[in-house]
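The values are calculated or read from the model by the stated rules, or taken from the named source; none is laboratory data. Because the structure is predicted, anything quoted here is derived from the model rather than measured. Here the Cβ positions follow ideal geometry from the backbone for every residue, glycine too, while neighbour counts run over all protein chains shown. The area values use the complete protein model at the heavy-atom level, side chains included, leaving out ligands, DNA and RNA. Shrake-Rupley method; radii C 1.70, N 1.55, O 1.52, S 1.80 Å.
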Amino acid sequence: MAIATSDNEQRSRGAAGGMRRLLRMRETGLILIILLLFVVMSFASEYFLTWANMRAMAMAFAVEGIVVVGMTILLISGGIDLSVGSVTALAMVIAGLLFLNGMDPWTASIIAIAACTAIGAGMGFFVTRVGLHHFIVSLAVMVIARGLCLLGTGGRPLGLFTLPPEFKFIGQGSIGVIPVVIVIFVVVVVAFDFMLRRTTMFRKVFYTGSSEKAAAYSGIRTKKVVFLTTTLCSALCGVAGVIYMARFGSAQPTFGIGMELNVIAAAVIGGASLSGGTGTILGAILGTILLSVVSSSLALLDVSVYWQDIIRGSILLSAVTIDHYLNKRRG
């Protein structure tokens, strides 16, 4: 009888410990906040829980979420990329210009994604070989890429009204009631989440971000890891740019201004550290969903666009402050 009681106590303590660990998880807190916002907004606006608004929110965060995946992996490795918005716009412009000059949209899109991948490789070279900081390199590329967008289009949007329906399908179509954009987004998230958790190659990203010197001493080719994560982030920007082009049927040279704020905020809110070494794809996507719900809520409540920018900036500042506090506690 005493043994049975002891076993029950151990199970109870184990369950209680598991519950405490669950509640401490960043993802659990984000899910609770998102659910709370859903409840509040369902009373605050009759349009919030409509299918049209839910679909619009999902479409809004899905494509940006692809960029968030790349940014999260880069942050975990200890890097950062301020050029994501400009590189995404450049992918649209390159693919759009090639299409308008007679190339089929699929080939044009592949070339655009390859160009963005090359940009990421170039940034990786300057970081790993020249020894410059990610912040400076990506800031320079942000300006250069935006300049190329404006130069190639004369500062005017490219109307791509003759895009074939099968190409537009990837941005505008649905499989049943589920938009294709959401399907692509889920595939990207699941694939990279699995690789980040289960594969040896991507586990090296955590070791590199935690301590690049220690990782190098243990035999990890840290410069190669940083190079690959920088390249991957820009490549996913290229994928997002092509999907945006298919979705809107145009290429906007000014598209993506301020995207880096949303993407970095989503990743940090989800638990990725600006110091490197920590983060999850799931957390980053929950951060993306949270920001999308906040933006949708502010729009439905008719909050001024200027206040929306202030609120988003405040959310980012709060997330970075929490990240700094947690890093100090771990240190």
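From the list Ile119, Ile111, the lone residue that is buried (at least 24 other Cβ atoms within 10 Å of the Cβ) and not charged (D, E, K, R) is Ile119. Of the residues making up region 61-73, none is of a type in the set (Phe, Trp, Tyr), farther than 19 Å from Ile269 by Cα and open to solvent by 20 Å² or more (accessible area, probe 1.4 Å). Which of the residues spanning region 128-143 are open to solvent by 90 Å² or more (accessible area, probe 1.4 Å) and either among the acidic types (Asp, Glu) or in a helix (DSSP H, G or I) (or both)? Result: Arg129, Phe135, Ile136, Val143. Of all residues in region 180-209, those that are among the β-branched types (Val, Ile, Thr) and open to solvent by 30 Å² or more (accessible area, probe 1.4 Å) have Cβ atoms under 7 Å from Cβ atoms of residues that are at pLDDT below 95 and not in a helix (DSSP H, G or I), 6 or more apart or on another chain, in Val183/Ile175.
Inspect all residues belonging to region 144-153 and state whether any of them is surrounded by 18 or more Cβ atoms within 10 Å (Cβ to Cβ), aliphatic (A, V, I, L, M), at pLDDT 90 or above and touching a strand residue (DSSP E or B) at 6+ places or on another chain (Cβ under 7 Å). So far as region 144-153 goes, no, none of its residues is surrounded by 18 or more Cβ atoms within 10 Å (Cβ to Cβ), aliphatic (A, V, I, L, M), at pLDDT 90 or above and touching a strand residue (DSSP E or B) at 6+ places or on another chain (Cβ under 7 Å).
For region 289-303, taking the residues that are among the hydrophobic types (A, V, I, L, M, F, W, C) and in contact (Cβ under 8 Å) with a residue 40 or more places away in the chain, the one that is most open to solvent (accessible area, probe 1.4 Å) is identified as Leu301.
Scanning region 126-168 for residues that are in contact with a helix residue (DSSP H, G or I) (Cβ under 7 Å, 6 or more places away or on another chain) and of a type in the set (Phe, Trp, Tyr) gives Phe126, Phe167. In the set (1) of a type in the set (A, V, I, L, M); (2) assigned to a helix (DSSP H, G or I); (3) open to solvent by less than 30 Å² (accessible area, probe 1.4 Å), the condition left unmet by Leu163 is number (2).
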